[in-house]
Each structure stands twice: as structure tokens, then as C-alpha cells.
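These notes are about the structure you will find just below.
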Amino acid sequence: MTTTRGLRDREEPITMLTAYDAPTAAIVDEAGVDAVLVGDSMGNAALGYDSTLPVTFAEVASRTGAVARATEDALVVADMPFLSFGVDEAESVRNAGRLLKEANADAVKIESGPHTVEMTRRMTDVGIPVMAHLGLTPQHVNRLGGYTRQGTDRDAAEEIIDLAGAHADAGAFALVLEHVPANLAGAVTEALAIPTIGIGAGPDCDGQVLVINDAVGLGEWAPPFSRQFGDVRGEMLNAVEAYEEAVRTGEFPADEHSHVEDDLDDLY
Ligand code: KIV
């Protein structure tokens, strides 16, 4: 069983992938990935939304339950969706706690900023492990004006370094760094005692995370910082076309897929 402490003490690079359902989580877990993130990227990757903003608490909780039931070894991290945290501190802590108590997550991830430092401390105090997330935070797409690289000038980079330190001091057990320059991610990693997990943040983080659709080639598009390690979309398309053809031509179902009960002969 991977624990938050286990992640922190790992010598080798940490691996994390998203999963949004039980069969995918079982594969990710069987492959030996350290942590499964039930990301709010499910909005785009699994639910057909065009951003993460519409994803609801109920959707994350339901998907987290499915992932947790199928995962034996990996740490299950549930992403807190837009507005499920940050409006009211008590409500934020309660929502985070529900993801552990009702959906069986091991930890929560929060898209972080100055407003989440005290919240991280409070959650940690009551026993909820928090993975912080800085750099590109997709829930802020409207404020940022797009999914653009972050921390690209000195002031912005220093703000990220300071916020990373503040979240580590507040008790975060790990930090996701998304779409920031590799040298900034390297500096943050060097400065922190907790592990950094990068996505589009270069090779100097303590670990890497990708969205499962991008990693296995399930989507029609993947961001430039991702790599497709397979062609699941192509494989599924081949299988579905083969099924469609077999049914249309009468080749499926064959005798071996059917059951005949002798007593039922001569029904008419
Ligand atoms: O929602 C998500 O999948 C994420 C990762 C991309 C880090 O936040």
C-alpha cells in the first residue's frame, strides 16, 4: 500500500496517472504506478465537458469511489472540483473530509493559491492529507485567459516558489507543478522537503503525472508536453469496427456464443 509518507520517502521518481473508473484504475494499479489521481480533468477526459469548471462534487465522489474499489496498492488522490473549496473554509474542510470518509480517497488535491494556505493547514490538522497544485491551475482558466504556461517571468516564478514553501509549511505532503518552466520546477524541487510531481514542468521534479487519455492515446488530442505511450483509441476503433462488421454480416454471434435448450424445441 502506498502511503503519503511512502511517496515522500521514495528514492525513485514518483509516478502518478489519472483514472476515472474502476477498470482503468485496476490497470494503472497493476502496472505499479504509485498514485492514482481522480482528477477533475475527468470533465474533458470522461464527461464530455469542454473544461473542468462544470465538474461537480458528486461526480468526483462517485468516480473516486469506483477508483478506490479497484485499487489495491496505489495512493488514491481525489481532486476537489471548482467551488467545492475556497468559498467557505468549514465547507471546504468538510467536503475534503467526505472524499476520504465516503469515497475512500487517501488524500485530496487542491488547485492552490494564496487563499489555500490556511485551508491546507486546517485540513492537515484534522487528518486530511493535501496535495497542493501550483503553476497552471485549469480551474482559473477564465482569470488566466487560457491554458497558458505560468511562472515565466521572475516575479511570477518567485510567487510560485513562495507559495510552494507556504503550502509545504502548512502541511501539504506533495505538490503538483503544472506547465511551468523546467528550471523553475527544478528550483522549487530543490527548495522543498516535500516531493514535487510535474506535468509539463520538465525532468527535475521528484515525479511525473499525466492524464490517462493522453498517456495511452485515448483522446483525439494531447497537449505538447505529453507523450502517447500507446494507441488505445486506434485499438478500440478497430475492435468496435470489427464488432459492427461481424454483426452486420451475421458472423456474430456464432454457435459457440449461443445456447440452445433441447426442451424448448417445437415451441410453436
Ligand atoms: O485534473 C487533473 O487531472 C490534474 C492533473 C493534470 C495534475 O489536475
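General remarks:
- Restricting attention to the stretch 4-46 and to residues that are in contact with a Pro (Cβ under 7 Å, 6 or more places away or on another chain) and either among the hydrophobic types (A, V, I, L, M, F, W, C) or within 16 Å of the ligand (Cβ to nearest atom) (or both), the residue that is modelled with the lowest pLDDT turns out to be Leu7.
- Taking the criterion of being among the polar types (S, T, N, Q) and either crowded, with 20+ Cβ neighbours inside 10 Å or assigned to a helix (DSSP H, G or I) (or both), the residues of the stretch 138-172 that qualify are Gln139, Asn142, Gln150.
- Checking Thr56, Thr2 one by one, the residue that is surrounded by 15 or more Cβ atoms within 10 Å (Cβ to Cβ) and farther than 21 Å from Thr124 by Cα is Thr56 and no other.
- Tally, over the stretch 178-212, of residues that are surrounded by fewer than 21 Cβ atoms within 10 Å (Cβ to Cβ), away from the ligand (no atom under 16 Å from the Cβ) and not in a loop (DSSP other than H, G, I, E, B): 6
- Any pair with Cβ under 6 angstrom, 6 or more apart, that starts in the stretch 34-52 at a residue that is more than 19 Å from Gly146 (Cβ to Cβ) and part of a strand (DSSP E or B) and ends at one that is more than 11 Å from the ligand (Cβ to nearest atom) and of a type in the set (S, T, N, Q): Val36/Thr71; Val38/Thr64
- Candidates Ala201, Ala185: the one that is in contact (Cβ under 8 Å) with a residue 12 or more places away in the chain, under 30 Å from Pro129 (Cβ atoms) and in contact with a helix residue (DSSP H, G or I) (Cβ under 7 Å, 6 or more places away or on another chain) is Ala201.
- Checking Val117, Val76 one by one, the residue that is part of a strand (DSSP E or B) and either closer than 26 Å to Ile27 by Cα or of a type outside the set (Lys, Arg) (or both) is Val76 and no other.
The values are calculated or read from the model by the stated rules, or taken from the named source; none is laboratory data. Quick caveat, the model's predicted, so the values are computed rather than measured. Glycine also receives a Cβ, built like all others from the backbone with ideal geometry; neighbour counts cover every protein chain displayed.
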